[in-house]
Every structure is written in structure tokens, then in C-alpha cells.
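Have a look at the structure below before the remarks.
The values are calculated or read from the model by the stated rules, or taken from the named source; none is laboratory data. Predicted, not measured: the structure shown is a model, and the values here were computed from it. Backbone-built Cβ (ideal geometry, glycine too); neighbour counts: all protein chains shown. Ligands, DNA and RNA are excluded from the accessible area calculation, which covers all protein heavy atoms including side chains. Shrake-Rupley method; radii C 1.70, N 1.55, O 1.52, S 1.80 Å.
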Amino acid sequence: MKNVGYYNGKVGLLEEMTIPLLDRGMFFGDGVYDATYCANRKIFETDFHIERFYNSLRAVRIDFPFTKEAFLAELKKCIDLMDSDGVCFVYWQVTRGTAPRNHLFPDVQPNLLISITESALVDVRTPCKLMTEEDTRFFHCNIKTLNLLPSVMASQKAKDAGCREVIFHRGERVTECAHCNVNILKDGCFITPPLDNLILPGTTRRHFLQICSRLGIPYREEPFTVQDVFNADEIMITSAGTLGLSACELDGKPVGGKDQKLLRTLQRAAVDDFTAETGYAPAWRADLD
């Protein structure tokens, strides 16, 4: 199949799949999701994504009937239906169920949706443009809920301005991007915001902390400000498919470019870890040496 859609056990092409109008995801965004990448039909960092997904389910009190092992088997079944052995985006979500619109929790079974589409890792060789944006999202950003309208609006605003991403901030404190974590390099140290209810516990953020520990690179988990980002030696955005993309411009002003050696060291390590786990090496990897 060129892509795979799955809804409560039914499988087909995404463009042919349907969901009930009374699915609570339609009315309330009442559900959670997670996503990662696979290559050669192997999911990258499976355990961390599955654990975060189940943490989100518990946080919103959805009683998901699948064990982690059974759920992973459903994901793999969908991946195996793909025609391609290449890089694919693996997305899944669970809503509270199907019931007449009512704010109270219904006594129904949750709905499981999975989609698998061909994709590609972000080429981290070329820095991107970013912009800042006041963070008007709610106070549960650590849960991967389906309520993503503020991030959608901010992402479109960034595109309209010729930027790849926004950097959200509450007052002066930087939180994260619309769909990435944001990190900075300063004086040889990798700095990332601390985990709390204002940011998503990104699996790639965690991965970079592991890389730093493994390579003996200093790192800190601490708040930083918008001005700290402007003054950083490098700015890095990270997500499942964005393994350390740097920035060259923020709000129209040049930034970064002051510690390319450390930046490339971290990027190489992240891409090589992806290759070691999945067997896939992007063609542009050699240019990071």
C-alpha cells in the first residue's frame, strides 16, 4: 500500500478511510496522540514514544484496552502493509470514544487511529529561519492532546513570514516550538528547558541529553529567555524527524553560527543513532563530517 490508514481494526488507504461524526475527537479534541519515524520497517526509539503515549492516556483518564505489546503489534502490522521499506512517518491517536456530544465522559470504548505515510528526515545541513511568538496555549503542554489549534495558527504564521518554526515564549521565558523542542548551545554547553507542564517531554530532546552524557558534552536543563536565544552560539530545534536543525535567523536578525564544531558533533551522533537502530542512513549524512 502507498499509505496505510487504520481505525479500530479496519485498514485501508488513508484517503478511503472514514470515522464517525460522533467521535469525540471531532467535537472536543478529546484524545491524545504520538508520532515517530520508521525505516526498514523498524520504529525509531519505540519504547520512549510508547511510554509517553501511555503517560498522556493516563493524564486525560482514557482507559485504553491495549497492552503496550498488543498496541505495538498493531503499529507493526500497519507498517508491514506499506510498499516502501524507506523512511515513513508513523502517527497514532486515541480518542475517548464515539457518543452523542456531551462534555461528560461517556461510558464507551476508546477509538484507535493509525496512519503510516512515506516521509523523510529533515536535512539538518542547512540552517533555518525562526520567529518568536507569545505562547497562548493551555497549561497542559506536556500532554500530547489533539487540541493543537494554537500550534496550527502559529505554524501558518511562520510559513507566511518565510520561517520554518516559531519559538513560543511566556513573557521572556522560552517554552518550545509549535511542533519541536528548542535548545541552545552556549559556551560548549547544551541547554534545554526543564520538563514541566509548559513543554512536551520530547523523545529527541531526551535523546540529545543521552548523546551529551555519552560524549562528555556538558548539558543543563534550565529555563532560558528570548534574549538568551538571540545570544546563543547555536539554536537547535529537535523532534522525531528533526535531529538537531540549527537556525540562522530569528525575527529577521542573524543568529547562531558560532559553534559549528559542537553542532555538527551532536547532529552526527543523532543521525548515526537513527542509522544504528533502523539501518537507514540519509544520503546527506556524509556532509556532516
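Kindly evaluate Arg96 against the criterion of being over 16 Å from the mean Cα position of the chain (by Cα), at pLDDT 95 or above and surrounded by 14 or more Cβ atoms within 10 Å (Cβ to Cβ).
On the way: over 16 Å from the mean Cα position of the chain (by Cα): yes; at pLDDT 95 or above: yes; surrounded by 14 or more Cβ atoms within 10 Å (Cβ to Cβ): yes.
Answer is yes for this residue.
Of all the residues that make up segment 99-136, how many are out of contact with any Ser or Thr (no Cβ under 7 Å at 6 or more places or on another chain), open to solvent by 30 Å² or more (accessible area, probe 1.4 Å) and farther than 18 Å from Ile237 by Cα?
The qualifying residues number 13.
Quick check on segment 41-73: of everything there that is in contact with a strand residue (DSSP E or B) (Cβ under 7 Å, 6 or more places away or on another chain) and charged (D, E, K, R), which residue is nearest to Arg96 (Cα to Cα)? Steps first, please.
Just the residues of segment 41-73 that are in contact with a strand residue (DSSP E or B) (Cβ under 7 Å, 6 or more places away or on another chain), to begin with: 43-45, 49, 52-53, 56-57, 60, 62, 64.
Restricting the remaining residues to those that are charged (D, E, K, R) gives 45, 52.
On the way: Glu45: 26, Arg52: 17 Å.
By that ranking, first place goes to Arg52.
Take Phe139 and tell me if it is out of contact with any helix residue (DSSP H, G or I) (no Cβ under 8 Å at 6 or more places or on another chain), touching a residue at least 24 places away in the same chain (Cβ under 8 Å), within 30 Å of Glu74 (Cβ to Cβ) and of a type in the set (Phe, Trp, Tyr).
It is false that Phe139 is out of contact with any helix residue (DSSP H, G or I) (no Cβ under 8 Å at 6 or more places or on another chain), touching a residue at least 24 places away in the same chain (Cβ under 8 Å), within 30 Å of Glu74 (Cβ to Cβ) and of a type in the set (Phe, Trp, Tyr).
When the residues of segment 11-60 are filtered to those that are part of a loop (DSSP other than H, G, I, E, B) and over 22 Å from the mean Cα position of the chain (by Cα), which remaining residue is nearest to Leu112 (Cα to Cα)? Talk me through it step by step, then tell me what you get.
Residues of segment 11-60 part of a loop (DSSP other than H, G, I, E, B): 13, 17-22, 29-30, 40-41, 44-45, 60.
Add one more test, that the residue is over 22 Å from the mean Cα position of the chain (by Cα), and what stays is 13, 17-22.
Values: Leu13: 16, Met17: 13, Thr18: 13, Ile19: 10, Pro20: 12, Leu21: 15, Leu22: 14 Å.
Across segment 11-60, the extreme among qualifying residues is Ile19.
This table checks each residue for (1) open to solvent by 10 Å² or more (accessible area, probe 1.4 Å); (2) in a loop (DSSP other than H, G, I, E, B).
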{"site": "Leu185", "(1), (2)": "no, no"}
{"site": "Pro194", "(1), (2)": "yes, yes"}
{"site": "Thr204", "(1), (2)": "no, no"}
{"site": "Leu209", "(1), (2)": "yes, no"}
{"site": "Ile217", "(1), (2)": "yes, yes"}
{"site": "Pro223", "(1), (2)": "yes, yes"}
{"site": "Gln227", "(1), (2)": "yes, no"}
{"site": "Ile237", "(1), (2)": "no, no"}
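Here are some residues: Ala154, Ala120. Which one is under 24 Å from Val229 (Cα atoms) and of a type in the set (Gly, Ala, Ser)? Quick ask: steps written out before the conclusion?
Values: Ala120 fails: under 24 Å from Val229 (Cα atoms).
Result of the check over Ala154, Ala120: Ala154.
Just to be sure before I move on: is Val124 over 29 Å from Thr18 (Cα atoms), of a type in the set (A, V, I, L, M, F, W, C) and assigned to a loop (DSSP other than H, G, I, E, B) in the structure I sent?
Criteria met by Val124.
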